[in-house]
1. Can you tell me which residue is nearest to the ligand (Cβ to nearest atom) among those in the range 79-96 that are touching a Phe, Trp or Tyr at 6+ places or on another chain (Cβ under 8 Å) and in a helix (DSSP H, G or I)?
2. Could you look through the range 53-78, keep only residues that are without any contact (Cβ under 8 Å) to a residue 60 or more places away in the chain, assigned to a loop (DSSP other than H, G, I, E, B) and within 12 Å of the ligand (Cβ to nearest atom), and pick out the one that is most open to solvent (accessible area, probe 1.4 Å)?
3. Can residue 199 be described as in contact with a Leu (Cβ under 9 Å, 6 or more places away or on another chain) and at negative phi?
4. Among the residues of the range 133-177, what is the count of those that are open to solvent by less than 70 Å² (accessible area, probe 1.4 Å) and over 30 Å from the mean Cα position of the chain (by Cα)?
5. Can you find even one residue in the range 326-335 that is in contact with a helix residue (DSSP H, G or I) (Cβ under 6 Å, 6 or more places away or on another chain) and open to solvent by 20 Å² or more (accessible area, probe 1.4 Å)?
6. Could you pull out every one of the strands (runs of 3 or more DSSP E) wholly within the range 186-298 that has 2 or more residues that are over 27 Å from residue 64 (Cα atoms)?
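The values are calculated or read from the model by the stated rules, or taken from the named source; none is laboratory data. Predicted, not measured: the structure shown is a model, and the values here were computed from it. Neighbour counts run over all protein chains shown; Cβ positions are idealised from the backbone, glycine included. Heads up: the accessible areas ignore ligands, DNA and RNA and are worked out on the full protein's heavy atoms, side chains in. Shrake-Rupley method; radii C 1.70, N 1.55, O 1.52, S 1.80 Å.
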Amino acid sequence: MAYNPVYNGGAPFTAFSSVTPATPLASLDLNWREQDLPERTRTKHVHRLHPYLGKYIPQLVEIFLRKFTPKVVCDPFAGSGTTLVEAAALGIDSVGCDISAFNCLLAKVKTDEYNLEKLGEEIRDIIYRTSLALSPSLFSEQFEGQADSEYLNAWFAPHALRELLCFRSMIPRYEYQDVMKVILSRSARSARLTTHFNLDFPKKPQTEPYACYKHGRTCQPTEDALQFLSRYGLDTLKRIEAYSQIRKRAKVKIINGDSRTARFPKIDAVITSPPYVGLIDYHEQHRYAYELLELPVNEASEIGAASNGNSKRAQGDYVVGIAEVFANVRKSLGKDGVVVIVVHDKNGFYESLAPQLGFKTEEKLLRHVNRRTGRRATEFYEEILIWRLNE
Ligand SMILES: C[S@@+](CC[C@H](N)C(=O)[O-])C[C@H]1O[C@@H](n2cnc3c(N)ncnc32)[C@H](O)[C@@H]1O
C-alpha cells in the first residue's frame, strides 16, 4: 500500500488534465494551499449554484476519473453533485443517490442539459415579472400571497418574504422550473434574518441592527430579497452557460433515496465522500428551501445525522449504515471496479470495514486539509482510500 508524501517541497499538483491511467497516484502532492487551488477554481461554473456544507473538491474527483477511466461512476452520497458534474465534464456516465431531496434538486440542475437561449429568456422573464408584480401600478396585478409557515414568517422580514413568495408563484409558468427553484433557494438563504457572519449556522432570527465582525461596522438584517433573486438569477445563467461549453454528452441518473437500499445500475467505479458522525445536518442546513419548496424531509434516514450526536451508540449506528451502503453498491460493481472514498477516518472505521465487506485497500493517500487555511493549531488530514474487490 502506498502513502503519498505529505509535502514534497515543491508546489502541489495542479496539472489535473495531465492525469492518465499510468499516473502513479502516490506521487501526487494533493496538499493544496489557497493560492494553489483558490476558491474560485474550486467553485467554478455550476459547482457554486448554491452554497453547500460538506462539498468535496471537484479537482480531486477529476484526478480519480482520469486515472481510473470508468464507463459508469456511482456516488452513493452524491450531495450537491460534485462527482456527477465532473463525470459529465469528461463524458463519463454517472449515477448518484442522496437522501436529501434538496441536494438531489441541486445535482439535477447542475447536470441537466439546457436550451441556453430559452433558459436565458425564462430567467430574465421571471425577474421582470416578479419586479412588476411587486411594484405599485395601475396597469398590472399586484402580488398578494402570504406564507402559512411559522419558519418562513419568523426567518424573513415581511418585505423579503413577499418578494420570495411572489417569485415562487411565477415558477409554474416556466419550462426550467428546477432552475428557478434553485435561484429561489439561494436568494432565500441570503435574505434570511441572519448576521452576515453566520449564514451557515444561524441559531435565531436577527431582527435588530448588530455589530458585524465581517464588515467591522453596525449592519442591519436584510429586508429585501429581490436584489438577490435578480443577482443570483443572472449568475446561475452564467454558470450553466459556462458548464455547457465544457461538458460532454453523458447520462446522469439521480436517485433521491437511501443508498442502503437503492437499486444501482452496473457501475465500474465509486467515488464518494460519506457523511461523518454527528457533524453536519444535511436537511437542516437548507431548511429555508424545504419550507419554500415544500420538499419531502427524510432526516430520519440520514447516516450519521447531526441530531443523533457522536455517542458510542451513534458511532455504532453510523458504521452499520456505512457498511450497508458499501455492501449495496458492491453488488453493482464490476469485478475490476474501484472504490475511492474521501474521508477523515479518525476512528479507523473504514480501515476495518474493507475486509468485512469483501474489499482490500489498494492505496491510502493523505491530504493535509488545513494547509489551505494556514491554521495549524490542530492538524487535519483527509484520507483517500482506494478499495478493490477482494476475490
Ligand atoms: C459529505 S456529503 C457528500 C458531498 C458531496 N461529495 C458533494 O461534493 O456535494 C454526504 C451526503 O450523504 C448524504 N446521505 C446521508 N445519509 C444518506 C443515506 N442513507 N443515503 C443516501 N445519502 C445519504 C447526505 O445527505 C449528504 O448529502
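1. 82
2. 55
3. Here the answer is no, as residue 199 does not meet what is asked.
4. Within the range 133-177, residues that are open to solvent by less than 70 Å² (accessible area, probe 1.4 Å) and over 30 Å from the mean Cα position of the chain (by Cα) number 8.
5. Within the range 326-335, not a single residue is in contact with a helix residue (DSSP H, G or I) (Cβ under 6 Å, 6 or more places away or on another chain) and open to solvent by 20 Å² or more (accessible area, probe 1.4 Å).
6. Values: elements: 210-212, 217-219, 252-256, 267-272.
Passing ranges, in order: 210-212, 217-219.
Results for (1) of a type in the set (Val, Ile, Thr); (2) over 15 Å from residue 99 (Cα atoms); (3) more than 16 Å from the ligand (Cβ to nearest atom); (4) touching a Lys or Arg at 6+ places or on another chain (Cβ under 8 Å), shown as yes or no for each residue.
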{"site": "228", "(1), (2), (3), (4)": "no, yes, yes, yes"}
{"site": "245", "(1), (2), (3), (4)": "no, yes, yes, no"}
{"site": "260", "(1), (2), (3), (4)": "no, no, no, no"}
{"site": "269", "(1), (2), (3), (4)": "no, yes, no, no"}
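Residue-wise test of (1) of a type in the set (D, E, K, R); (2) under 27 Å from residue 237 (Cα atoms).
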| position | (1), (2) |
| --- | --- |
| 111 | no, yes |
| 115 | no, yes |
| 122 | yes, yes |
| 148 | yes, no |
| 156 | no, yes |
